[in-house]
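Only one structure is covered here, and it is reproduced in the block below.
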Amino acid sequence: MKLFVVLCTLFVLNASAYVVKSRDDLLQFRNECVSELEIPENLVEQYKKWQYPNDSVTQCYLKCVFVKFGFFDTASGFNVENIHQQLVGSQGEANHDDAVHATIESCVDNNEQGSNACEWAYRGATCFIKNNLQLVQRSVAPSA
């Protein structure tokens, strides 16, 4: 019986582990969010250059992409562990005690300001992208 409980526990832990997303996933998520939110083409072009103006459309776009990645939940906020694992990639385990993790954590808040979900996601996402742009770009770069 104990073995059964251990196996079930391992299965649950494994099933809830974050799955690193690919460039194809990113492109799919971007397209879905652009379509769902009816994002104008001029903003889409900015997003492709990693430029995110502070407006309500862009705020909701970043929230949409972060939700689809599993980085943000409108009830609980950011999932720092998932973001960190995405940056590390599928080839390794994120060390949640390192400087990268601390940098990611420094960008998230518990929405003490009481902002709407789009503003909350935008605030953390833009900080995170600004501080980790090279890692972000590398994590979704085309496969060699």
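The values are calculated or read from the model by the stated rules, or taken from the named source; none is laboratory data. Model, not experiment: these values are computed from the prediction. Heads up, the Cβs are rebuilt from the backbone with ideal geometry, glycines too, and the neighbour counts pull from every protein chain shown. With ligands, DNA and RNA removed, areas are computed over all heavy atoms of the protein, side chains included. Shrake-Rupley method; radii C 1.70, N 1.55, O 1.52, S 1.80 Å.
Observations
- Per the Debye formula on identical point scatterers at the alpha carbon atoms of the chain, with no solvent, log10 I(q)/I(0) at q = 0.16 Å⁻¹ is -0.88.
- Apportionment of accessible area to carbon and sulfur, region 23-139, percent (1.4 Å): 45
- Among 81, 112, 36, 93, the sequence by solvent-accessible area, most first, with a 1.4 Å probe is 93, 112, 36, 81.
- In sequence order, calculated HN-Hα J values of region 50-59 (Karplus, 6.51, -1.76, 1.60; Hz; x Gly/Pro): 6, 10, 10, x, 7, 9, 5, 5, 5, 4
- Over the chain: helical MRE at 222 nm, DSSP H runs n ≥ 4 each giving -39500 (n - 2.57), nearest 500: -20000 deg cm²/dmol
- Interchain or long-range residues, amide H under 5 Å from residue 72's placed H: 67, 79
- Estimated vicinal HN-Hα couplings, Hz - region 120-127 in sequence order (Karplus 6.51, -1.76, 1.60; Gly, Pro = x): 4, 5, 4, 4, x, 4, 5, 5
- The spacing between region 18-49 and region 114-144, judged by their C-alpha centroids, is 12 Å.
- Computed FRET value (nearest 0.05) for residue 41 with residue 75, which takes r as the C-beta separation and R₀ as 25 Å: 0.20
- Counting only protein heavy atoms and a 1.4 Å probe, the chain has 61 square angstrom of accessible area per residue.
- Evaluated over the chain, the count of Lys pairs having alpha-carbon atoms less than 24 Å apart is 13 (only pairs 8 or more residues apart or interchain).
- 123, 30, 23, reordered so the largest accessible area comes first (probe 1.4 Å): 23, 123, 30
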